[in-house]
Amino acid sequence: MGPEEKLFRTYYRSLCHFAWKFVGESTTAEDLVQEAFVTFFRDQQRMEQSDAFIRNYLYTAVRFSCLKHLRHEKVKEKYWTRVEFNEEDGHSVERSIIHTEVINEIYRIIAQMPSACQQIFKMGYLDGLSNLEITERLQISVNTVKTQKQRGMKILMDKLHPEFLPFIIFLLK
């Protein structure tokens, strides 16, 4: 066993316990202790090699790392309370993006439909008019409205990218 490993084994557990008393979390404490050892091993040729110095250096380094970590946690906590961000915001952004892409794709397909089919499809599905309301506005038969809506839906389903199909069901409810 080399001198670095011996030093690590000698102080690691007690330093982890010391750090844990500050931060209250074992994995964070272990990370902070490991960082202190890495710093020590990187700079040890410039330091005194007495046991008392090494011990004091490691405990002081861990203490300062813990205090720095706690200050950082307070800053993060203060930021999150000011921003009032919650996880749902990320999901709502994703939903908005998906919704926009689906709607854009639907409008692109509708624009390719024959004009009568396009008009009836928009009135029925996008404007939310009933078949009876469409027949009154356009002065056409209910069967024509039903046929054009079915034709439009078939065109939409044929041309719509398959990954959007579950969303179309949700949007057209």
Filter the range 114-133 down to the residues that are out of contact with any Gly (no Cβ under 6 Å at 6 or more places or on another chain) and surrounded by 14 or more Cβ atoms within 10 Å (Cβ to Cβ) and list them by number. Ala116, Gln118, Gln119, Ile120, Lys122, Met123, Gly124, Tyr125, Leu126, Leu129, Asn131, Glu133
Of all residues in the range 19-32 being open to solvent by 60 Å² or more (accessible area, probe 1.4 Å) and of a type outside the set (D, E, K, R), which is nearest to the chain's Cα centre (by Cα)? Thr27
Do any residues in the range 130-150 that are within 20 Å of Ile110 (Cα to Cα) have Cβ atoms under 8 Å from those of residues that are of a type in the set (Lys, Arg) and surrounded by 13 or more Cβ atoms within 10 Å (Cβ to Cβ), where the two are at least six apart or on different chains, and which pairs are they? Asn131/Lys146; Asn131/Lys149
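The values are calculated or read from the model by the stated rules, or taken from the named source; none is laboratory data. Remember, predicted model here, so these are calculated numbers, not experimental data. Neighbour counts run over all protein chains shown; Cβ positions are idealised from the backbone, glycine included. Just so you know, the surface numbers come from the protein's heavy atoms only, side chains and all, with ligands and any DNA or RNA stripped out. Shrake-Rupley method; radii C 1.70, N 1.55, O 1.52, S 1.80 Å.
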